[in-house]
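K.L.:
Below you'll find the structure I mean.
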Amino acid sequence: MSLVLSQAINAIMLGCTYSLVGIGFSLFFGVMDIVVFCAGDVAIFAAFSITALVSIVGLYAALNLALPPFLSTVLIVIAGASLTGVLMLALYRLVIKPFENKSALMPLLSTIASGVALRELIGIFYPQGRNPQTFPQLLPGGALSDFAMISWRNLIIIVATLLLVALLYLFVNKTKIGLSIQAVSQNREAAIMVGINWQQVVLITFLLGGFILGIGGFLVASYYDVVRFDMGSMYGLKGFCAAVVGGLGNVYGAIVGGLLIAFIEVFVSAFVPGGTAYASVAAFLMVVLFILFKPEGVIGEKTIEKV
Amino acid sequence: MINKAGAQLSRSLMAIAVSLGICLILYIALVSPLPITLLVLAIFLGLIVMGERSGGIEKIYAAMEEHKGEALVVAGIFALLLPLLVSGNNYLLHVVVMGGIYSIIALGLNFQLGSTGMVNFAPAAFYGTGAYTSAVLAVKFGISPWVGILCGLFMAALLGIVFGFPALKTRGYYLSLVTIALQVIFTLMIINTDWLGGPNGIPGIPGYEIFGFSFRRPLEILGMRLPYQTNYFYLVFLLLSLAALAASRLYNSRIGLAWNAIEQDEIVAATQGINLTKIKLLAFSIGAAFAGVAGALYAHYTSFIGNEDFDFNKSLVLICMVLLGGMDNVAGVILGSLLLTIIDEKLRDFADYRMLMYALILIIILIARPQGLLPKRNRKYQIKQDNNEGYNVTVTAGGK
């Protein structure tokens with residue numbers, strides 16, 4: 001029983017990290033109707049920039065002199081995530097905007113290519129970037145309780161995700177900009193007609209999405225304790241799967257999707273004999289089945305194409 | 001009358017000259033160092049763009065179409081002589097062999113990506129299926145590689161049908177995710193299956209043999225000793241010609257037309273009486289069969305295969321080739337694959353930067369010239385009449 005519970009908590013943690021990337025995918029898809037495939041690599045870029053800030057610049061140690069450790073962690077994570085937001089804006093200008101009204105294949109390919117480029121740039125220019133880097137211990141690691149091995153870190157990852165989603169909910173539903181984002185994702189033309197500055201909304205969405213991806217990258221790196229330059233491709237793929245399972249464009253669906261994928265992955269590797277090697281295979285198979293038989297996702301409206 | 005004959009002759013000379021020119025450009029790109037290769041390519045692209053601006057390229061296209069035979073003969077002779085031209089440099093021959101293998105896969109991928117507009121991110125899985133089928137049959141069961149090619153073809157075509165099923169129900173992003181997921185599943189299955197060598201791959205795959213002559217032995221013709229790659233070069237060249245012939249026949253058939261119709265608008269195509277299930281699965285299975293043959297060739301050429309040869313990155317590279325050459329254009333796809341293979345090999349000195357270069361090349365092509373080197377052509381249907389007047393029915397396909 002305790003094993004099942006601890007695996008469940010493990011799955012929830014993993015699911016949280018997947019859902020953050022899924023949320024990023026869904027946000028971008030909502031406003032632009034495109035899939036930004038480099039999201040996973042952008043998230044891992046955040047993990048690397050946080051590692052650089054802590055181990056190379058020594059920001060954490062410096063901040064710790066003046067502030068309590070918890071606060072300096074928050075500051076560093078926000079710094080890393082903001083960097084990622086800016087990176088996402090740059091990517092939007094460079095590889096997404098040129099393909100605005102072109103066939104859907106082109107932004108897909110260009111973002112895949114920029115994901116590869118980003119990954120390789122990290123591998124080439126980060127000191128010893130091709131080797132796994134130890135991720136700095138910014139979250140307290142002590143056990144909260146012996147039962148089911150809940151550590152502080154697990155709890156913080158889950159709480160941070162919940163907090164972020166709650167903030168996102170408030171932002172999207174209570175602020176004017178958030179409402180414009182919703183309006184654009186529901187119907188771009190109508191939104192432009194009622195006087196919403198569409199370009200501005202897109203920029204803000206990409207900044208916001210980049211920020212969320214950055215936090216996702218921080219959490220996933222904390223979960224594994226190491227970051228590798230090529231982690232982003234798998235992480236991004238799982239995040240995309242989460243978004244699709246939840247219904248592409250639906251932010252809350254992405255959370256359900258992320259949890260579903262993480263549960264399958266964790267439980268297959270824990271309870272199926274010899275399943276560790278096939279955990280990802282099982283998760284992807286589920287996604288393929290989902291797309292084939294319920295393409296609108298867990299939460300999502302069925303769309304019927306009109307001629 | 002004489003005037004007309006003269007015009008005919010000059011057009012046929014033009015076709016021959018263009019064909020020879022393309023061969024020379026490829027040859028120079030192959031033998032010279034990287035900067036010259038890039039310079040030659042830039043000039044080539046500049047010529048194409050200039051031709052498009054001035055409309056001269058239409059004349060060339062027309063001449064090439066009219067005198068296809070001459071142009072192909074020139075290219076064929078050039079290919080036959082190539083091993084002598086590079087004077088038995090086995091590395092350069094290796095590059096050309098790999099280019100030929102990739103061309104075959106790219107031609108197959110083009111059926112899905114170019115003709116039908118179905119995103120397929122799993123060509124490397126088809127390629128791997130062919131390679132692993134043929135290699136396992138040869139290494140574990142001692143079956144002749146010639147039979148292995150056929151088995152590889154069938155297995156890949158079968159996998160193509162399986163991978164094609166999602167394309168019946170979804171398209172666009174969903175289809176791309178499905179094919180990416182299937183590609184990743186394929187790679188993971190190979191890594192985790194010990195019987196297929198797992199992460200160690202399959203070493204010691206035998207080469208081809210014909211009437212007791214092993215393809216791994218140097219070839220001796222006219223008192224010249226050519227490296228063993230020459231044998232494979234001729235084999236790959238033969239199969240590539242067959243593949244190109246099949247691809248252009250398909251393009252000109254009703255199947256090719258149906259593929260283009262689906263690319264334009266699926267619903268309209270269905271209402272025109274096109275059997276979507278059949279035609280879409282055909283695109284996947286035929287394309288996969290091409291890749292399967294290429295995979296079998298590759299396995300028996302390099303004698304070692306591992307999972308890295310068939311992963312998602314390889315799929316991206318293959319997509320890059322089709323895009324660079326020009327979607328739905330047989331000559332363009334072959335040209336793109338050969339050029340990209342050559343550039344890739346030149347970049348071997350900067351192994352660390354290879355994937356980065358690929359990514360940048362892909363982005364630059366997408367932004368600067370999304371239609372590829374040789375863009376897809378409008379379909380022309382001509383009804384010949386006796387009085388030589390004729391009337392043209394020009395059908396525009398793929399005017400995106």
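K.L.:
For chain B, what relative contact order do you get, as a whole percent, if you take Cα pairs closer than 8 Å and at least 6 residues apart?
P.N.:
25 percent
K.L.:
R0 = 51 Å: FRET efficiency of A:D225 with B:S214, Cβ-based, nearest 0.05?
P.N.:
Details: r = 52 Å, r/R0 = 1.03.
That gives a FRET efficiency of 0.45.
K.L.:
Return the whole-Å distance between the Cα centroid of segment B:180-210 and the Cα centroid of segment A:271-285.
P.N.:
Segment B:180-210 and segment A:271-285 have Cα centres separated by 19 Å.
K.L.:
Beyond 25 Å, how much of the Cα-Cα pair distribution for segment A:2-293 remains, as a whole percent?
P.N.:
47 percent
K.L.:
Could you sort A:244-250, B:64-70 so that the peptide with the highest average Cβ count within 10 Å comes first and the rest follow in order?
P.N.:
Going from most to least packed, we get A:244-250, B:64-70.
K.L.:
Taking 18 Å as the cut-off for C-alpha to C-alpha distance, list the pairs among B:K68/B:K380; B:K4/B:K376; B:K280/B:K380; B:K169/B:K278 that go past it.
P.N.:
B:K4/B:K376; B:K280/B:K380
K.L.:
Please state the charge dipole magnitude for segment B:89-373, taken about the Cα centre, from unit charges on C-beta atoms (+1 on K and R, -1 on D and E), reported in debye and rounded to the nearest 20.
P.N.:
So the dipole magnitude of segment B:89-373 works out to roughly 360 debye.
K.L.:
Moving on to the next point. Per residue of the protein assembly as shown, what 222 nm ellipticity follows from adding -39500 (n - 2.57) for every DSSP H run with n ≥ 4, rounded to the nearest 500?
P.N.:
-24000 deg cm²/dmol
K.L.:
What whole number of Å gives the distance from the Cα centroid of segment B:310-371 to the Cα centroid of segment A:196-256?
P.N.:
28 Å
K.L.:
Right, next: What average count of beta carbons from other chains do you get within 10 Å of the Cβ of residues in B:164-177?
P.N.:
Taking all residues of B:164-177 together, the mean is 5.
K.L.:
Count charges around A:V116 for me, please; just the other residues with Cβ under 10 Å from its Cβ, Lys/Arg as +1, Asp/Glu as -1.
P.N.:
Every neighbour counted, the sum reads -2.
K.L.:
Could you tell me which of rounded, prolate or oblate describes segment B:1-85, using a ≥ b ≥ c as the square roots of the eigenvalues of the alpha-carbon gyration tensor, with rounded for a/c under 1.5 and, failing that, prolate when a/b is larger than b/c and oblate otherwise?
P.N.:
It comes out oblate by the Cα gyration axes.
K.L.:
Once amide H atoms are built 1.01 Å from N in the peptide plane, which residues 5 or more positions from B:I305, or in another chain, come under 5 Å H to H?
P.N.:
Under 5 Å from the amide H of B:I305 lie the amide H atoms of B:I202, each far enough along the sequence or on another chain.
K.L.:
A further question on this structure: How well do other chains shield peptide A:120-130, expressed as the mean number of their Cβ atoms within 10 Å of each residue Cβ?
P.N.:
For this peptide, the per-residue mean of nearby foreign Cβ atoms is 2.
K.L.:
Under a Cβ-only charge scheme (Lys and Arg +1, Asp and Glu -1), can you give me the dipole magnitude of segment B:281-352 about the Cα centre, in debye to the nearest 20?
P.N.:
Here the size comes out at about 200 debye.
K.L.:
Which one of A:F290, B:L239, A:Q133 has its Cα pushed farthest toward the positive end of the charge dipole of the protein assembly as shown, where Lys and Arg give +1 and Asp and Glu give -1 at the Cβ?
P.N.:
The listed residue farthest towards the positive side: B:L239.
K.L.:
While we're on this one: With a Förster radius of 51 Å, plug the Cβ-Cβ distance of B:L24 and A:V194 into 1/(1 + (r/R0)^6) and report the FRET value to the nearest 0.05. Working shown, then result.
P.N.:
Values: r = 61 Å, r/R0 = 1.19.
Efficiency computed from Cβ-Cβ geometry: 0.25.
K.L.:
Residue by residue through B:180-186, how many Cβ atoms from other chains fall within 10 Å of the Cβ on average? Before the final figure, lay out each step's value.
P.N.:
On the way: counts 8, 13, 3, 1, 7, 8, 1.
The shielding value for this peptide is 6.
K.L.:
Students often forget the sequence filter, so: which aspartates and glutamates lie under 19 Å Cα-Cα from B:K59 once same-chain residues fewer than 8 apart are removed?
P.N.:
B:E70
K.L.:
While we're looking at this one, here's another question. Any idea what the dipole of the protein assembly as shown comes to, in debye rounded to 20, about its Cα centre with Lys/Arg Cβ at +1 and Asp/Glu Cβ at -1?
P.N.:
Dipole of the protein assembly as shown, to the nearest 20 debye: 820 debye.
K.L.:
Tell me the net charge near B:C320. Cut-off is 15 Å between Cβ atoms, B:C320 excluded, with +1 for each Lys or Arg and -1 for each Asp or Glu.
P.N.:
-1
K.L.:
Each residue of segment B:128-143 in order: what ³J(HN,Hα) in whole Hz does its phi give by Karplus 6.51 cos²θ - 1.76 cosθ + 1.60, θ = phi - 60°, with x for Gly and Pro?
P.N.:
Those phi angles translate into x, 4, x, 5, 5, 4, 5, 5, 5, 4, 6, 6, 8, 10, x, 7 Hz.
K.L.:
Turning to a different aspect of this structure: What does the charge add up to near B:Y251, with Lys and Arg as +1, Asp and Glu as -1, over the other residues with Cβ less than 15 Å from its Cβ?
P.N.:
Net charge in that neighbourhood comes out at +4.
K.L.:
From the square roots a ≥ b ≥ c of the eigenvalues of the alpha-carbon gyration tensor of segment B:156-270, which class results: rounded (a/c under 1.5), prolate (a/b over b/c), or oblate?
P.N.:
Oblate is the answer for segment B:156-270, as a/c is 1.5 or above yet b/c matches or exceeds a/b.
K.L.:
Continuing with the same structure: Hey, can you rank B:50-60, B:117-127 by average C-beta count inside 10 Å, highest first? Each step should come with its number before you reach the end.
P.N.:
Values: B:50-60: 12.4, B:117-127: 29.5.
Packing proxy ranking, top to bottom: B:117-127, B:50-60.
K.L.:
Do you know the Lys pair count in chain A for C-alpha distances under 28 Å, with sequence separation 8 or more or different chains?
P.N.:
12
K.L.:
If packing is taken as the average count of other Cβ atoms within 10 Å, what order do B:91-100, B:322-331, B:148-157 fall into, highest mean first?
P.N.:
B:322-331, B:148-157, B:91-100
K.L.:
Karplus couplings for segment B:106-116 from phi (6.51 cos²θ - 1.76 cosθ + 1.60, θ = phi - 60°), rounded to Hz, Gly and Pro as x?
P.N.:
5, 4, x, 4, 4, 4, 7, 6, x, 6, 9
K.L.:
Taking a ≥ b ≥ c as the square roots of the eigenvalues of the Cα gyration tensor of chain B, is the shape rounded (a/c under 1.5), prolate (a/b larger than b/c) or oblate?
P.N.:
The shape class here is oblate.
Read-outs throughout are calculated quantities, based only on the coordinates presented, and are distinct from any laboratory measurement. What you see is a predicted model; the values in this text were computed from it and never measured. FYI the Cβ positions are ideal-geometry reconstructions off the backbone, even for glycines, and counts take in every protein chain you see.
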